[in-house]
1. Give the residues of region 108-165 that are part of a helix (DSSP H, G or I), among the hydrophobic types (A, V, I, L, M, F, W, C) and open to solvent by 40 Å² or more (accessible area, probe 1.4 Å), sorted by residue number.
2. Scan region 493-501 and give yes if some residue there is more than 12 Å from the ligand (Cβ to nearest atom), in a helix (DSSP H, G or I) and more than 15 Å from Asp410 (Cα to Cα), otherwise no.
3. Got a sec? Which of Ile510, Ile459 is in a helix (DSSP H, G or I), open to solvent by less than 10 Å² (accessible area, probe 1.4 Å) and modelled with pLDDT of 95 or more?
4. Name the single residue that is farthest from Phe361 (Cα to Cα) among those in region 165-199 being among the charged types (D, E, K, R) and at pLDDT 95 or above.
5. Conditions: (1) surrounded by fewer than 19 Cβ atoms within 10 Å (Cβ to Cβ); (2) at negative phi; (3) of a type in the set (A, V, I, L, M). Ala490 meets all but one. Number of the miss?
6. Against the condition at pLDDT 95 or above, open to solvent by less than 60 Å² (accessible area, probe 1.4 Å) and outside any helix (DSSP H, G or I), how does Glu99 come out, does it pass?
7. Could you list, in sequence order, all residues of region 516-525 that are open to solvent by 40 Å² or more (accessible area, probe 1.4 Å) and within 15 Å of the ligand (Cβ to nearest atom)?
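The values are calculated or read from the model by the stated rules, or taken from the named source; none is laboratory data. Quick caveat, the model's predicted, so the values are computed rather than measured. Here the Cβ positions follow ideal geometry from the backbone for every residue, glycine too, while neighbour counts run over all protein chains shown. Accessible surface areas use protein heavy atoms only, side chains included; no ligands, DNA or RNA. Shrake-Rupley method; radii C 1.70, N 1.55, O 1.52, S 1.80 Å.
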Amino acid sequence: MQKIIILDFGSQTTQLIGRRVRELDTFCEILPYNKFPHEDPDVIGVILSGSPFSVYDQEAFKVDLSGIRGKYPLLGICYGAQYMSYTYGGKVEPAGSREYGRANLEWFEQDNPLFAGFCQNSQVWMSHGDTITAIPDGFKKIASTAKVNFAAYQAENEPLWGVQFHPEVFHSVQGSLLLKNFVVDICGSRQDWSAASFVETTVAELKQQIGEDRVILGLSGGVDSSVAAVLLNRAIGKNLTCIFVDHGMLRKNEFRDVMHDYECLGLNVIGVDASQKFFADLQGVTDPEQKRKIIGRDFVEVFNAEAKKITGAKWLAQGTIYPDRIESLNITGKVIKSHHNVGGLPKEMHLELCEPLKWLFKDEVRRVGRQLGMPEHLITRHPFPGPGLAVRILGDITPEKVRILQDADDIYIRGLREYKVKLSGEEARKVLAAGVPAQMTDGEIEVSLYDQIWQAGAILLSTVRSVGVMGDERTYEHPVALRAVTSTDAMTADWAHLPYDFMAQVSNDIINHVKGVNRVCYDISSKPPATIEWE
Ligand code: XMP
(Lines give C-alpha, C1' and ligand atoms only; values in the text may rest on other atoms or scores of the structure.)
Protein backbone atom coordinates (compact mmCIF):
# COMPACT_ATOMS: atom_id res chain seq x y z
CA MET A 1 0.00 0.00 0.00
CA GLN A 2 1.52 3.30 -1.09
CA LYS A 3 2.00 5.77 1.75
CA ILE A 4 3.05 9.31 2.53
CA ILE A 5 5.14 9.79 5.67
CA ILE A 6 4.46 12.90 7.74
CA LEU A 7 7.33 13.63 10.09
CA ASP A 8 5.92 15.33 13.18
CA PHE A 9 7.94 18.20 14.61
CA GLY A 10 5.27 18.90 17.22
CA SER A 11 2.85 21.21 15.43
CA GLN A 12 -0.78 21.35 16.50
CA THR A 13 -1.80 20.87 12.88
CA THR A 14 0.19 17.70 12.14
CA GLN A 15 -2.89 15.49 12.51
CA LEU A 16 -4.74 17.82 10.20
CA ILE A 17 -2.09 17.27 7.49
CA GLY A 18 -2.72 13.54 7.94
CA ARG A 19 -6.45 13.96 7.56
CA ARG A 20 -6.03 16.06 4.42
CA VAL A 21 -3.80 13.40 2.86
CA ARG A 22 -6.35 10.71 3.73
CA GLU A 23 -9.06 12.87 2.15
CA LEU A 24 -7.06 12.40 -1.05
CA ASP A 25 -7.69 8.66 -0.67
CA THR A 26 -4.04 8.18 0.12
CA PHE A 27 -2.70 6.29 3.09
CA CYS A 28 -0.31 8.17 5.37
CA GLU A 29 1.52 7.63 8.62
CA ILE A 30 2.41 10.33 11.13
CA LEU A 31 5.72 9.51 12.80
CA PRO A 32 7.96 11.36 15.27
CA TYR A 33 10.41 13.58 13.34
CA ASN A 34 13.34 11.19 13.95
CA LYS A 35 11.59 7.88 13.22
CA PHE A 36 11.64 7.79 9.43
CA PRO A 37 11.11 4.20 8.19
CA HIS A 38 14.12 3.97 5.87
CA GLU A 39 13.41 0.33 5.02
CA ASP A 40 9.75 0.75 4.08
CA PRO A 41 9.30 0.11 0.33
CA ASP A 42 5.82 1.65 0.23
CA VAL A 43 6.82 5.24 0.96
CA ILE A 44 6.13 7.56 -1.99
CA GLY A 45 6.70 10.97 -0.42
CA VAL A 46 7.51 12.86 2.77
CA ILE A 47 6.00 15.90 4.47
CA LEU A 48 7.76 17.76 7.28
CA SER A 49 5.29 19.36 9.71
CA GLY A 50 5.40 22.66 11.56
CA SER A 51 6.75 22.99 15.09
CA PRO A 52 6.41 25.23 18.14
CA PHE A 53 10.21 25.72 18.05
CA SER A 54 12.46 28.10 16.16
CA VAL A 55 15.13 26.32 14.11
CA TYR A 56 17.86 27.98 16.20
CA ASP A 57 16.34 27.00 19.59
CA GLN A 58 18.61 24.72 21.62
CA GLU A 59 15.81 22.19 22.07
CA ALA A 60 14.53 22.40 18.46
CA PHE A 61 13.84 19.02 16.86
CA LYS A 62 16.59 18.35 14.33
CA VAL A 63 16.94 15.42 12.01
CA ASP A 64 19.39 14.24 9.38
CA LEU A 65 17.50 14.35 6.08
CA SER A 66 20.28 12.75 4.06
CA GLY A 67 18.52 9.37 3.59
CA ILE A 68 15.34 11.19 2.54
CA ARG A 69 16.34 14.11 0.29
CA GLY A 70 16.90 12.89 -3.24
CA LYS A 71 15.12 9.60 -2.58
CA TYR A 72 11.55 10.87 -2.11
CA PRO A 73 9.64 14.02 -3.01
CA LEU A 74 9.77 16.32 0.02
CA LEU A 75 7.44 19.06 1.19
CA GLY A 76 8.29 21.17 4.23
CA ILE A 77 5.45 23.08 5.86
CA CYS A 78 6.21 26.15 8.03
CA TYR A 79 8.95 24.94 10.41
CA GLY A 80 9.53 22.07 7.94
CA ALA A 81 10.29 24.67 5.25
CA GLN A 82 12.40 26.80 7.59
CA TYR A 83 14.30 23.77 8.82
CA MET A 84 15.27 22.67 5.30
CA SER A 85 16.23 26.18 4.32
CA TYR A 86 18.34 26.63 7.48
CA THR A 87 19.94 23.17 7.19
CA TYR A 88 21.00 23.64 3.59
CA GLY A 89 22.59 27.07 4.09
CA GLY A 90 19.75 29.60 4.05
CA LYS A 91 18.89 32.03 6.83
CA VAL A 92 15.98 32.04 9.23
CA GLU A 93 15.42 35.00 11.56
CA PRO A 94 12.74 36.25 13.92
CA ALA A 95 10.08 38.04 11.88
CA GLY A 96 9.72 41.74 12.73
CA SER A 97 6.17 41.03 13.84
CA ARG A 98 4.57 37.61 14.17
CA GLU A 99 3.28 36.61 10.75
CA TYR A 100 -0.12 35.35 11.60
CA GLY A 101 -3.41 35.11 9.75
CA ARG A 102 -4.62 35.51 6.20
CA ALA A 103 -2.34 36.56 3.34
CA ASN A 104 -2.55 36.49 -0.44
CA LEU A 105 -0.08 34.37 -2.35
CA GLU A 106 1.62 35.51 -5.52
CA TRP A 107 3.40 32.71 -7.37
CA PHE A 108 6.01 33.18 -10.09
CA GLU A 109 6.28 30.02 -12.19
CA GLN A 110 3.41 29.14 -14.47
CA ASP A 111 4.48 25.51 -14.72
CA ASN A 112 5.59 24.73 -11.19
CA PRO A 113 3.71 21.48 -10.41
CA LEU A 114 3.13 22.45 -6.77
CA PHE A 115 0.94 25.38 -7.86
CA ALA A 116 -0.81 23.74 -10.81
CA GLY A 117 -4.36 25.14 -11.01
CA PHE A 118 -3.64 27.83 -8.39
CA CYS A 119 -5.23 31.25 -8.75
CA GLN A 120 -3.01 34.30 -8.31
CA ASN A 121 -3.50 35.96 -4.91
CA SER A 122 -5.18 32.91 -3.47
CA GLN A 123 -5.69 33.25 0.29
CA VAL A 124 -3.27 31.29 2.50
CA TRP A 125 -2.92 31.06 6.27
CA MET A 126 0.32 32.08 7.97
CA SER A 127 1.29 31.29 11.54
CA HIS A 128 4.93 31.77 12.40
CA GLY A 129 7.22 33.89 14.53
CA ASP A 130 10.32 33.31 12.34
CA THR A 131 10.80 33.89 8.68
CA ILE A 132 13.21 32.75 5.98
CA THR A 133 15.41 35.71 5.02
CA ALA A 134 17.71 33.88 2.58
CA ILE A 135 17.30 30.57 0.80
CA PRO A 136 20.21 28.18 0.16
CA ASP A 137 22.24 28.25 -3.04
CA GLY A 138 20.51 26.19 -5.68
CA PHE A 139 17.06 26.98 -4.29
CA LYS A 140 14.60 29.32 -5.99
CA LYS A 141 11.80 31.48 -4.65
CA ILE A 142 8.50 30.44 -6.20
CA ALA A 143 5.94 32.48 -4.24
CA SER A 144 5.63 35.51 -1.93
CA THR A 145 3.00 37.37 0.03
CA ALA A 146 2.96 41.08 0.89
CA LYS A 147 4.82 40.39 4.15
CA VAL A 148 6.61 37.10 3.49
CA ASN A 149 9.26 37.20 0.78
CA PHE A 150 10.02 33.46 0.65
CA ALA A 151 6.46 32.18 1.09
CA ALA A 152 7.42 29.13 -1.01
CA TYR A 153 10.64 27.82 -2.52
CA GLN A 154 11.90 24.85 -4.49
CA ALA A 155 15.32 23.28 -4.83
CA GLU A 156 16.26 23.71 -8.52
CA ASN A 157 15.50 20.59 -10.58
CA GLU A 158 14.66 18.62 -7.48
CA PRO A 159 11.33 17.47 -6.01
CA LEU A 160 11.90 19.43 -2.80
CA TRP A 161 9.55 22.25 -1.78
CA GLY A 162 9.04 24.42 1.25
CA VAL A 163 5.97 26.54 2.04
CA GLN A 164 5.84 28.88 5.02
CA PHE A 165 2.02 28.90 5.08
CA HIS A 166 -0.25 26.08 6.24
CA PRO A 167 -2.00 24.39 3.28
CA GLU A 168 -3.71 21.93 5.67
CA VAL A 169 -5.93 24.51 7.39
CA PHE A 170 -9.29 25.51 6.04
CA HIS A 171 -8.37 29.19 5.70
CA SER A 172 -5.80 28.34 3.04
CA VAL A 173 -8.43 28.36 0.34
CA GLN A 174 -6.52 26.26 -2.21
CA GLY A 175 -4.52 24.35 0.40
CA SER A 176 -6.14 21.03 -0.47
CA LEU A 177 -5.22 21.60 -4.13
CA LEU A 178 -1.59 22.20 -3.16
CA LEU A 179 -1.55 18.97 -1.15
CA LYS A 180 -3.22 17.12 -4.02
CA ASN A 181 -0.58 18.48 -6.42
CA PHE A 182 2.11 17.16 -4.11
CA VAL A 183 0.57 13.83 -3.10
CA VAL A 184 -1.06 12.81 -6.37
CA ASP A 185 0.82 14.53 -9.20
CA ILE A 186 4.28 14.77 -7.69
CA CYS A 187 4.45 11.66 -5.48
CA GLY A 188 2.24 9.58 -7.78
CA SER A 189 -0.42 8.40 -5.36
CA ARG A 190 -2.88 6.02 -7.05
CA GLN A 191 -5.58 7.27 -4.61
CA ASP A 192 -6.78 3.80 -3.84
CA TRP A 193 -7.21 4.18 -0.07
CA SER A 194 -10.98 4.24 0.54
CA ALA A 195 -13.49 2.76 2.95
CA ALA A 196 -14.33 0.06 0.42
CA SER A 197 -10.69 -0.88 -0.19
CA PHE A 198 -10.02 -0.76 3.55
CA VAL A 199 -12.86 -3.19 4.25
CA GLU A 200 -11.77 -5.52 1.49
CA THR A 201 -8.08 -5.65 2.44
CA THR A 202 -8.70 -5.70 6.19
CA VAL A 203 -11.20 -8.55 5.99
CA ALA A 204 -8.71 -10.53 3.89
CA GLU A 205 -5.87 -9.76 6.33
CA LEU A 206 -7.97 -10.66 9.37
CA LYS A 207 -8.95 -13.97 7.78
CA GLN A 208 -5.33 -14.73 7.20
CA GLN A 209 -4.08 -13.48 10.58
CA ILE A 210 -6.73 -15.22 12.66
CA GLY A 211 -7.58 -18.29 10.62
CA GLU A 212 -9.83 -20.57 12.64
CA ASP A 213 -8.90 -19.04 16.03
CA ARG A 214 -11.48 -17.65 18.38
CA VAL A 215 -11.54 -13.93 19.19
CA ILE A 216 -13.06 -12.02 22.11
CA LEU A 217 -14.03 -8.37 21.80
CA GLY A 218 -15.30 -5.99 24.48
CA LEU A 219 -18.16 -3.87 23.14
CA SER A 220 -18.95 -0.51 24.70
CA GLY A 221 -21.82 0.65 22.52
CA GLY A 222 -19.49 3.27 21.00
CA VAL A 223 -18.71 3.58 17.32
CA ASP A 224 -15.11 2.28 17.43
CA SER A 225 -15.71 -1.05 19.15
CA SER A 226 -18.95 -1.55 17.17
CA VAL A 227 -17.24 -1.03 13.80
CA ALA A 228 -14.35 -3.29 14.87
CA ALA A 229 -16.87 -5.99 15.79
CA VAL A 230 -18.78 -5.79 12.50
CA LEU A 231 -15.53 -5.90 10.52
CA LEU A 232 -14.32 -8.95 12.44
CA ASN A 233 -17.70 -10.56 12.12
CA ARG A 234 -17.43 -10.22 8.37
CA ALA A 235 -13.99 -11.84 8.44
CA ILE A 236 -14.47 -14.69 10.92
CA GLY A 237 -18.21 -14.87 11.70
CA LYS A 238 -19.13 -17.03 14.66
CA ASN A 239 -15.54 -17.35 15.86
CA LEU A 240 -15.96 -13.83 17.21
CA THR A 241 -17.60 -13.52 20.61
CA CYS A 242 -18.43 -10.03 21.83
CA ILE A 243 -18.96 -9.15 25.48
CA PHE A 244 -21.00 -6.09 26.44
CA VAL A 245 -20.91 -5.28 30.16
CA ASP A 246 -23.68 -3.16 31.68
CA HIS A 247 -22.20 -1.41 34.70
CA GLY A 248 -25.51 0.25 35.41
CA MET A 249 -24.30 3.72 34.47
CA LEU A 250 -25.08 3.71 30.77
CA ARG A 251 -27.59 6.10 29.22
CA LYS A 252 -31.31 5.43 29.54
CA ASN A 253 -32.25 2.13 27.83
CA GLU A 254 -28.85 2.05 26.18
CA PHE A 255 -28.00 -1.51 27.13
CA ARG A 256 -31.29 -2.81 25.74
CA ASP A 257 -31.18 -0.70 22.56
CA VAL A 258 -27.57 -1.39 21.74
CA MET A 259 -27.94 -5.13 22.37
CA HIS A 260 -30.85 -5.06 19.94
CA ASP A 261 -28.70 -3.24 17.33
CA TYR A 262 -25.89 -5.75 17.77
CA GLU A 263 -28.23 -8.69 17.36
CA CYS A 264 -29.68 -7.14 14.19
CA LEU A 265 -26.12 -6.84 12.87
CA GLY A 266 -25.72 -10.59 13.36
CA LEU A 267 -23.06 -10.30 16.08
CA ASN A 268 -22.51 -13.13 18.50
CA VAL A 269 -22.81 -11.01 21.66
CA ILE A 270 -23.08 -11.83 25.34
CA GLY A 271 -24.70 -9.08 27.40
CA VAL A 272 -23.76 -9.10 31.08
CA ASP A 273 -25.83 -7.11 33.56
CA ALA A 274 -23.32 -6.48 36.35
CA SER A 275 -24.90 -3.28 37.64
CA GLN A 276 -25.50 -4.63 41.16
CA LYS A 277 -21.82 -5.33 41.64
CA PHE A 278 -20.76 -1.88 40.40
CA PHE A 279 -23.34 -0.06 42.54
CA ALA A 280 -22.31 -2.04 45.60
CA ASP A 281 -18.61 -1.32 45.10
CA LEU A 282 -19.20 2.37 44.39
CA GLN A 283 -21.35 2.94 47.46
CA GLY A 284 -20.29 6.11 49.29
CA VAL A 285 -17.40 6.85 46.88
CA THR A 286 -17.20 10.51 45.86
CA ASP A 287 -13.66 10.97 44.54
CA PRO A 288 -13.63 10.90 40.69
CA GLU A 289 -10.37 8.99 40.35
CA GLN A 290 -11.50 6.47 42.95
CA LYS A 291 -14.72 5.96 40.96
CA ARG A 292 -12.68 5.37 37.82
CA LYS A 293 -10.40 2.88 39.58
CA ILE A 294 -13.27 0.87 41.02
CA ILE A 295 -15.13 0.79 37.72
CA GLY A 296 -11.96 -0.16 35.84
CA ARG A 297 -11.17 -2.96 38.28
CA ASP A 298 -14.73 -4.32 38.33
CA PHE A 299 -14.93 -4.12 34.56
CA VAL A 300 -11.81 -6.26 34.14
CA GLU A 301 -13.14 -8.75 36.69
CA VAL A 302 -16.52 -9.12 35.00
CA PHE A 303 -15.01 -9.18 31.53
CA ASN A 304 -12.43 -11.82 32.50
CA ALA A 305 -15.00 -14.03 34.16
CA GLU A 306 -17.04 -14.07 30.93
CA ALA A 307 -14.02 -14.39 28.66
CA LYS A 308 -12.79 -17.44 30.57
CA LYS A 309 -15.98 -19.24 29.62
CA ILE A 310 -15.02 -18.94 25.97
CA THR A 311 -12.76 -21.89 25.49
CA GLY A 312 -9.86 -21.75 23.10
CA ALA A 313 -9.87 -17.97 22.59
CA LYS A 314 -6.51 -16.76 21.26
CA TRP A 315 -7.15 -13.11 20.44
CA LEU A 316 -8.49 -10.05 22.18
CA ALA A 317 -9.81 -7.49 19.70
CA GLN A 318 -10.07 -3.78 20.52
CA GLY A 319 -11.45 -0.74 18.73
CA THR A 320 -8.26 1.32 19.15
CA ILE A 321 -8.06 4.05 16.50
CA TYR A 322 -5.15 6.02 15.06
CA PRO A 323 -5.34 9.19 17.22
CA ASP A 324 -5.11 6.93 20.30
CA ARG A 325 -1.72 5.78 19.08
CA ILE A 326 -0.09 8.80 17.48
CA GLU A 327 2.81 9.95 19.56
CA SER A 328 2.27 13.69 19.41
CA LEU A 329 5.25 15.66 20.60
CA ASN A 330 4.80 18.54 22.96
CA ILE A 331 7.37 21.28 23.34
CA THR A 332 9.23 19.47 26.09
CA GLY A 333 9.58 16.46 23.81
CA LYS A 334 7.43 14.31 26.07
CA VAL A 335 4.76 12.09 24.65
CA ILE A 336 1.20 13.28 25.26
CA LYS A 337 -1.37 10.55 25.74
CA SER A 338 -4.96 11.50 26.18
CA HIS A 339 -6.19 7.95 26.24
CA HIS A 340 -8.55 6.81 28.95
CA ASN A 341 -9.43 3.16 28.76
CA VAL A 342 -11.77 1.51 31.20
CA GLY A 343 -10.38 -1.96 31.33
CA GLY A 344 -7.09 -2.10 29.55
CA LEU A 345 -5.76 -5.38 28.27
CA PRO A 346 -6.20 -8.21 30.77
CA LYS A 347 -2.57 -9.40 30.60
CA GLU A 348 -3.03 -12.57 32.57
CA MET A 349 -5.34 -13.86 29.85
CA HIS A 350 -2.37 -14.32 27.52
CA LEU A 351 -4.32 -13.22 24.49
CA GLU A 352 -2.83 -11.69 21.39
CA LEU A 353 -4.03 -8.22 20.53
CA CYS A 354 -5.97 -7.52 17.34
CA GLU A 355 -6.72 -3.86 16.50
CA PRO A 356 -8.26 -3.69 13.03
CA LEU A 357 -8.97 0.07 13.16
CA LYS A 358 -5.57 1.14 14.39
CA TRP A 359 -4.78 3.16 11.25
CA LEU A 360 -8.05 5.07 11.03
CA PHE A 361 -9.15 8.53 12.09
CA LYS A 362 -12.61 8.82 13.67
CA ASP A 363 -14.28 10.09 10.51
CA GLU A 364 -12.78 7.18 8.58
CA VAL A 365 -14.10 4.72 11.17
CA ARG A 366 -17.53 6.20 10.52
CA ARG A 367 -17.09 5.83 6.77
CA VAL A 368 -16.07 2.19 7.23
CA GLY A 369 -19.17 1.69 9.41
CA ARG A 370 -21.33 3.05 6.59
CA GLN A 371 -19.54 0.86 4.08
CA LEU A 372 -20.40 -2.11 6.30
CA GLY A 373 -24.07 -1.11 6.26
CA MET A 374 -24.31 -0.24 9.95
CA PRO A 375 -27.25 1.91 11.09
CA GLU A 376 -26.60 5.64 11.08
CA HIS A 377 -27.53 6.17 14.75
CA LEU A 378 -24.79 3.73 15.78
CA ILE A 379 -22.23 5.38 13.51
CA THR A 380 -22.88 8.99 14.52
CA ARG A 381 -23.10 8.24 18.24
CA HIS A 382 -21.19 10.73 20.38
CA PRO A 383 -18.19 9.54 22.40
CA PHE A 384 -19.19 8.42 25.89
CA PRO A 385 -16.76 7.88 28.78
CA GLY A 386 -16.09 4.29 29.84
CA PRO A 387 -17.17 4.94 33.46
CA GLY A 388 -20.39 6.39 32.03
CA LEU A 389 -22.71 8.48 34.15
CA ALA A 390 -20.56 7.75 37.22
CA VAL A 391 -18.33 10.66 36.20
CA ARG A 392 -21.36 12.82 35.44
CA ILE A 393 -22.82 12.59 38.95
CA LEU A 394 -20.94 14.85 41.35
CA GLY A 395 -20.82 13.14 44.72
CA ASP A 396 -21.68 9.55 45.54
CA ILE A 397 -23.63 7.34 43.19
CA THR A 398 -26.97 5.66 43.89
CA PRO A 399 -29.39 3.94 41.50
CA GLU A 400 -31.88 6.77 42.16
CA LYS A 401 -29.41 9.48 41.13
CA VAL A 402 -28.56 7.48 38.01
CA ARG A 403 -32.27 7.27 37.21
CA ILE A 404 -32.67 11.05 37.58
CA LEU A 405 -29.67 11.74 35.37
CA GLN A 406 -30.71 9.17 32.77
CA ASP A 407 -34.11 10.84 32.43
CA ALA A 408 -32.67 14.36 32.13
CA ASP A 409 -29.97 13.22 29.71
CA ASP A 410 -32.51 11.36 27.60
CA ILE A 411 -34.68 14.49 27.17
CA TYR A 412 -31.59 16.51 26.26
CA ILE A 413 -30.17 14.04 23.75
CA ARG A 414 -33.53 13.37 22.11
CA GLY A 415 -33.99 17.13 21.80
CA LEU A 416 -30.61 17.50 20.13
CA ARG A 417 -31.49 14.79 17.63
CA GLU A 418 -34.87 16.31 16.82
CA TYR A 419 -33.83 19.96 16.45
CA LYS A 420 -32.75 20.64 12.86
CA VAL A 421 -30.51 23.48 11.75
CA LYS A 422 -29.52 24.75 8.32
CA LEU A 423 -25.81 25.22 7.72
CA SER A 424 -23.80 26.75 4.90
CA GLY A 425 -20.16 27.69 4.17
CA GLU A 426 -17.47 26.49 6.54
CA GLU A 427 -19.93 25.04 9.04
CA ALA A 428 -21.54 22.88 6.36
CA ARG A 429 -18.16 21.82 5.02
CA LYS A 430 -17.01 20.69 8.47
CA VAL A 431 -20.10 18.57 9.02
CA LEU A 432 -19.87 17.01 5.55
CA ALA A 433 -16.13 16.37 5.97
CA ALA A 434 -16.98 14.41 9.11
CA GLY A 435 -19.02 12.10 6.86
CA VAL A 436 -22.52 13.09 8.00
CA PRO A 437 -24.79 12.12 5.09
CA ALA A 438 -26.61 15.37 4.33
CA GLN A 439 -27.79 16.74 1.01
CA MET A 440 -26.55 20.15 -0.13
CA THR A 441 -29.48 22.18 -1.52
CA ASP A 442 -28.95 25.79 -2.63
CA GLY A 443 -25.64 25.86 -0.77
CA GLU A 444 -27.25 24.68 2.48
CA ILE A 445 -27.51 21.42 4.36
CA GLU A 446 -29.96 20.44 7.07
CA VAL A 447 -28.62 18.49 10.03
CA SER A 448 -29.63 17.86 13.61
CA LEU A 449 -27.92 19.74 16.43
CA TYR A 450 -26.74 16.32 17.58
CA ASP A 451 -24.79 15.74 14.36
CA GLN A 452 -23.29 19.19 14.51
CA ILE A 453 -21.59 18.71 17.84
CA TRP A 454 -18.85 16.40 19.04
CA GLN A 455 -20.28 15.33 22.36
CA ALA A 456 -23.13 16.25 24.72
CA GLY A 457 -24.49 15.08 28.02
CA ALA A 458 -26.17 16.09 31.25
CA ILE A 459 -24.42 16.27 34.63
CA LEU A 460 -26.21 15.87 37.95
CA LEU A 461 -24.90 18.26 40.59
CA SER A 462 -26.05 16.00 43.37
CA THR A 463 -23.91 17.76 45.98
CA VAL A 464 -25.84 21.01 45.37
CA ARG A 465 -29.46 21.86 46.22
CA SER A 466 -31.38 24.97 45.41
CA VAL A 467 -34.82 26.35 46.15
CA GLY A 468 -37.52 26.52 43.54
CA VAL A 469 -41.27 26.74 43.29
CA MET A 470 -43.56 24.40 41.37
CA GLY A 471 -47.26 25.19 41.45
CA ASP A 472 -47.74 26.32 45.03
CA GLU A 473 -45.03 24.04 46.34
CA ARG A 474 -41.58 25.01 47.46
CA THR A 475 -38.93 22.64 46.04
CA TYR A 476 -35.42 22.02 47.30
CA GLU A 477 -33.74 19.87 44.70
CA HIS A 478 -30.69 19.34 42.51
CA PRO A 479 -29.55 21.28 39.45
CA VAL A 480 -28.63 19.58 36.21
CA ALA A 481 -25.88 21.07 34.06
CA LEU A 482 -25.99 20.55 30.30
CA ARG A 483 -22.76 20.23 28.34
CA ALA A 484 -22.29 20.27 24.57
CA VAL A 485 -18.94 20.77 22.88
CA THR A 486 -17.49 21.04 19.42
CA SER A 487 -14.14 19.38 18.84
CA THR A 488 -12.22 17.25 16.36
CA ASP A 489 -10.27 15.04 18.73
CA ALA A 490 -11.36 15.82 22.35
CA MET A 491 -7.89 17.26 23.06
CA THR A 492 -9.34 20.77 22.83
CA ALA A 493 -13.01 21.67 22.75
CA ASP A 494 -15.27 24.69 22.64
CA TRP A 495 -18.73 24.92 24.14
CA ALA A 496 -21.42 24.67 21.49
CA HIS A 497 -23.53 27.77 20.89
CA LEU A 498 -26.91 26.06 21.11
CA PRO A 499 -29.96 28.09 20.04
CA TYR A 500 -31.78 29.82 22.91
CA ASP A 501 -35.20 28.46 21.91
CA PHE A 502 -33.78 24.93 22.07
CA MET A 503 -32.30 25.54 25.52
CA ALA A 504 -35.55 27.05 26.78
CA GLN A 505 -37.52 24.02 25.59
CA VAL A 506 -35.09 21.48 27.06
CA SER A 507 -34.96 23.30 30.38
CA ASN A 508 -38.76 23.27 30.60
CA ASP A 509 -39.01 19.64 29.63
CA ILE A 510 -36.40 18.53 32.15
CA ILE A 511 -37.81 20.49 35.09
CA ASN A 512 -41.38 19.48 34.31
CA HIS A 513 -40.71 15.81 33.73
CA VAL A 514 -37.74 14.79 35.84
CA LYS A 515 -38.60 14.49 39.48
CA GLY A 516 -35.63 15.56 41.60
CA VAL A 517 -34.45 18.40 39.33
CA ASN A 518 -35.61 22.00 39.69
CA ARG A 519 -32.92 23.96 37.85
CA VAL A 520 -31.02 23.62 34.55
CA CYS A 521 -27.71 25.36 33.76
CA TYR A 522 -25.59 25.38 30.61
CA ASP A 523 -21.81 24.90 30.84
CA ILE A 524 -19.98 27.58 28.85
CA SER A 525 -16.39 26.49 29.56
CA SER A 526 -13.99 25.48 26.85
CA LYS A 527 -11.17 22.94 27.10
CA PRO A 528 -8.59 23.99 28.16
CA PRO A 529 -8.83 25.21 30.87
CA ALA A 530 -11.89 23.06 31.70
CA THR A 531 -12.24 19.45 30.53
CA ILE A 532 -15.14 17.93 28.65
CA GLU A 533 -16.29 15.77 31.56
CA TRP A 534 -16.91 17.39 34.94
CA GLU A 535 -15.04 14.69 36.82
P1 XMP B 1 -11.89 15.13 29.19
O2 XMP B 1 -12.91 15.15 30.28
O3 XMP B 1 -10.55 14.61 29.65
O4 XMP B 1 -12.42 14.06 28.13
O5 XMP B 1 -11.79 16.43 28.47
C6 XMP B 1 -11.85 13.83 26.85
C7 XMP B 1 -12.62 12.69 26.21
O8 XMP B 1 -12.38 11.49 26.94
C9 XMP B 1 -13.60 10.98 27.46
N10 XMP B 1 -13.31 10.50 28.81
C11 XMP B 1 -13.18 9.21 29.13
N12 XMP B 1 -13.29 8.10 28.36
N13 XMP B 1 -12.83 6.77 30.27
C14 XMP B 1 -13.13 6.87 28.96
O15 XMP B 1 -13.24 5.84 28.29
C16 XMP B 1 -12.68 7.85 31.10
O17 XMP B 1 -12.41 7.72 32.28
C18 XMP B 1 -12.88 9.14 30.48
N19 XMP B 1 -12.82 10.41 30.95
C20 XMP B 1 -13.09 11.23 29.91
C21 XMP B 1 -14.58 12.14 27.43
O22 XMP B 1 -15.92 11.71 27.38
C23 XMP B 1 -14.12 12.88 26.20
O24 XMP B 1 -14.64 12.28 25.02
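1. The answer is none; no residue qualifies.
2. Yes: one or more hits.
3. Of the residues listed, the single one that is in a helix (DSSP H, G or I), open to solvent by less than 10 Å² (accessible area, probe 1.4 Å) and modelled with pLDDT of 95 or more is Ile510.
4. Among residues in region 165-199 that are among the charged types (D, E, K, R) and at pLDDT 95 or above, the one farthest from Phe361 (Cα to Cα) is Asp185.
5. (2)
6. no
7. Ser525
Conditions tested, residue by residue: (1) within 16 Å of the ligand (Cβ to nearest atom); (2) open to solvent by 20 Å² or more (accessible area, probe 1.4 Å); (3) basic (Lys, Arg); (4) under 30 Å from Glu364 (Cβ atoms).
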position	(1), (2), (3), (4)
Thr463	no, yes, no, no
Gly471	no, yes, no, no
Tyr476	no, yes, no, no
Thr486	yes, yes, no, yes
Val514	no, no, no, no
Ala530	yes, yes, no, yes
